[in-house]
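Asker: Structure provided below as structure tokens; questions to follow.
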Amino acid sequence: MSPRPRPEILSIAPYVGGESHLPGSNRVIKLSSNEGPFGPPPGARAAYAALAEQIHLYPDGHATELRRAIGRTFGLDPERVVCGAGSDDLIYLLTLAYSGPGTEIIMSAHGFAIYAIAAQYAGARTRKAPERNLTADIDAMLALVSPATRIVFLANPNNPTGSMLPAADVARLRAALPPDVLLVLDAAYAEYVERPDYDPGVALVNAAENTVMTRTFSKVFGMGGMRLGWAYAPPPVVDVLNRVRAPFNVNAAAQAAGIAALAEPGWLEMSRAHNREWRRRLADALSEAGIRVWPSEGNFLLADFGTTERARGADAALRAHGIIARRTDGYGLPHCLRISIGTAEECEAVAETLAAFMAHEPAHA
Ligand SMILES: *Cc1c(COP(=O)(O)O)cnc(C)c1O
């Protein structure tokens, strides 16, 4: 006899992140994890380095200064902010705290993979609602609500599709859900949204006690390696998260770097402006090459090659040029590739490589 976990745990397929290496290439263009093209903000690098002298000290278990900085930057009450080791940490905590055996969570068919993994860990069942045009369909999500429903997850904008629901639709979803169902709005890409009808979820969090917004430092702040995210939540949910989280779940370096990143002059504006320009330019170039590109409000594009075979060919062509995109087979989209918006040169390399690839493809597969 040997120790065994709960049986459902062994049927979890571990999360597969974007690849970082190509055999035989020592310089790769990594566009597989939406990490942003600029590296970390300079102030965050300096804060991280300066902390080296103090890593014998435990971090502030309440991340007080960081929560204050988040509150100042985003105009939010720091008392309603809880930080985590990435927003994944908070997603796991919410799932474990609010769902469990005999209960269900709802997500959209091509929604972010972590929700289903966390639910399985919690022992809950995941119900996936079909989408329309690779966009979450509120009515299909509502049709899955049952007395067993505990949490509805909505990534807005969604990864890997890039699609976004307007604030009015999200409000309609909230209004039609039973009040005791927790709505988790995952706004990891909020900073990149250009559409004026967007809201990351603040108003809904403020309006009642059953909606949470999660955010991350992994995308626009270029700090994926630090593992830093936060939730904005109503007081009862803040209370629950503070009971179940590990006491020092955000390490000292992440706190220091996060505070500095928020203070970096012009960083958000610069990142947004670059993303706005190159998301459009890359989308135009790929469309011109004959590739369908789904509308994206994130820092990536979902390129749709129509068939799995052609997507494989495109992936191979990119790899041959040292470019790593993200395969989306695990998301039920084997005919697509997700490509992060990189630097101007990186976007140009993607556009050139895929245009050359398409030029050798038969016109219609
Ligand atoms: C990248 C991403 C996150 C962020 O995860 P972290 O744990 O904060 O790095 C969360 N949700 C979605 C949809 C993402 O794409």
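Asker: Kindly evaluate Leu76 against the criterion of being more than 21 Å from Leu241 (Cβ to Cβ), touching a residue at least 24 places away in the same chain (Cβ under 8 Å) and not in a helix (DSSP H, G or I).
Answerer: For Leu76, the condition - more than 21 Å from Leu241 (Cβ to Cβ), touching a residue at least 24 places away in the same chain (Cβ under 8 Å) and not in a helix (DSSP H, G or I) - is not met.
Asker: Which one of the conditions (1) charged (D, E, K, R); (2) touching a helix residue (DSSP H, G or I) at 6+ places or on another chain (Cβ under 8 Å); (3) more than 16 Å from the ligand (Cβ to nearest atom) does Asp180 fail to meet, given that it meets all the rest?
Answerer: Answer for Asp180: the failing condition is (2).
Asker: Looking at region 245-256, is at least one residue under 21 Å from Tyr98 (Cα atoms), more than 16 Å from the ligand (Cβ to nearest atom) and among the hydrophobic types (A, V, I, L, M, F, W, C)?
Answerer: no
Asker: Show the residue pairs that are 6+ apart or on different chains and have beta-carbon atoms under 6 Å apart, the first residue being within region 82-97 and over 15 Å from Leu183 (Cβ atoms) and near the ligand (Cβ under 7 Å from one of its atoms), the second being modelled with pLDDT of 95 or more and of a type in the set (Val, Ile, Thr).
Answerer: Ser87/Thr214; Ser87/Thr216; Asp88/Ile114
Asker: Would you call Ile291 outside the structural domain of Met226 (by TED's automatic domain parsing) and among the β-branched types (Val, Ile, Thr)?
Answerer: So Ile291 fits the description; yes.
Asker: Among the candidates Ala233, Ala143, Ala175, single out the residue that is surrounded by 24 or more Cβ atoms within 10 Å (Cβ to Cβ) and within 23 Å of Glu104 (Cβ to Cβ).
Answerer: Ala233
Asker: Look at Pro247 and say whether it is over 30 Å from Gln54 (Cβ atoms) and not small (Gly, Ala, Ser).
Answerer: For Pro247, the condition - over 30 Å from Gln54 (Cβ atoms) and not small (Gly, Ala, Ser) - is not met.
Residue by residue, here is whether (1) under 30 Å from Asp239 (Cβ atoms); (2) surrounded by 15 or more Cβ atoms within 10 Å (Cβ to Cβ) holds:
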{"residue": "Ile29", "(1), (2)": "no, yes"}
{"residue": "Ser33", "(1), (2)": "no, yes"}
{"residue": "Ala46", "(1), (2)": "no, no"}
{"residue": "Ala49", "(1), (2)": "no, no"}
{"residue": "Tyr58", "(1), (2)": "yes, no"}
{"residue": "Gly61", "(1), (2)": "yes, no"}
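Asker: Has region 251-259 got any residue that is surrounded by fewer than 17 Cβ atoms within 10 Å (Cβ to Cβ), touching a residue at least 12 places away in the same chain (Cβ under 8 Å) and not hydroxyl-bearing (Ser, Thr, Tyr)?
Answerer: Scanning region 251-259, I find no residue that is surrounded by fewer than 17 Cβ atoms within 10 Å (Cβ to Cβ), touching a residue at least 12 places away in the same chain (Cβ under 8 Å) and not hydroxyl-bearing (Ser, Thr, Tyr), so the answer is no.
To keep it simple, each residue is scored yes or no on (1) among the small types (Gly, Ala, Ser); (2) in contact with a strand residue (DSSP E or B) (Cβ under 7 Å, 6 or more places away or on another chain).
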| site | (1), (2) |
| --- | --- |
| Tyr192 | no, no |
| Pro200 | no, yes |
| Ala203 | yes, no |
| Asn206 | no, no |
| Phe217 | no, yes |
| Val237 | no, yes |
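Asker: May I pose another question? So Glu209 passes all but one of these: (1) buried (at least 18 other Cβ atoms within 10 Å of the Cβ); (2) over 13 Å from Met107 (Cβ atoms). Which condition number does it fail?
Answerer: (1)
Asker: Separate question: So which residues in region 283-321 are surrounded by fewer than 17 Cβ atoms within 10 Å (Cβ to Cβ), in contact with a strand residue (DSSP E or B) (Cβ under 6 Å, 6 or more places away or on another chain) and either of a type in the set (Gly, Ala, Ser) or within 12 Å of Thr161 (Cβ to Cβ) (or both)?
Answerer: Correct list: Ser287 only.
To keep it simple, each residue is scored yes or no on (1) out of contact with any Gly (no Cβ under 9 Å at 6 or more places or on another chain); (2) among the polar types (S, T, N, Q); (3) closer than 29 Å to Leu57 by Cα.
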| site | (1), (2), (3) |
| --- | --- |
| Ala188 | no, no, no |
| Val205 | yes, no, no |
| Thr211 | no, yes, no |
| Gly224 | no, no, yes |
| Ala231 | no, no, yes |
| Pro235 | yes, no, no |
| Val244 | yes, no, yes |
| Phe248 | no, no, yes |
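Asker: Just one of (1) in contact (Cβ under 8 Å) with a residue 24 or more places away in the chain; (2) crowded, with 18+ Cβ neighbours inside 10 Å; (3) within 16 Å of the ligand (Cβ to nearest atom) trips up Tyr121, so point out which.
Answerer: Here Tyr121 meets the rest and fails (2).
Asker: Restricting to region 1-39, what's the tally of residues that are closer than 16 Å to Ser340 by Cα and aromatic (Phe, Trp, Tyr)?
Answerer: Qualifying residue count for the region: 1.
Asker: Considering only region 212-230, state which residues are polar (S, T, N, Q) and surrounded by fewer than 24 Cβ atoms within 10 Å (Cβ to Cβ).
Answerer: Hit for region 212-230 is Ser218, nothing else.
Asker: Hey, His110 hits all of (1) touching a strand residue (DSSP E or B) at 6+ places or on another chain (Cβ under 6 Å); (2) part of a loop (DSSP other than H, G, I, E, B); (3) crowded, with 24+ Cβ neighbours inside 10 Å but one; which does it fall short on?
Answerer: For His110, the failing item is (1).
Asker: Still on this structure: Filter region 186-206 down to residues that are among the aromatic types (Phe, Trp, Tyr) and either within 12 Å of the ligand (Cβ to nearest atom) or assigned to a strand (DSSP E or B) (or both) and give me whichever is surrounded by the most Cβ atoms within 10 Å (Cβ to Cβ).
Answerer: Among those that are among the aromatic types (Phe, Trp, Tyr) and either within 12 Å of the ligand (Cβ to nearest atom) or assigned to a strand (DSSP E or B) (or both), it is Tyr189.
The values are calculated or read from the model by the stated rules, or taken from the named source; none is laboratory data. Computed from a predicted model, the values in this text were never measured in an experiment. Heads up, the Cβs are rebuilt from the backbone with ideal geometry, glycines too, and the neighbour counts pull from every protein chain shown.
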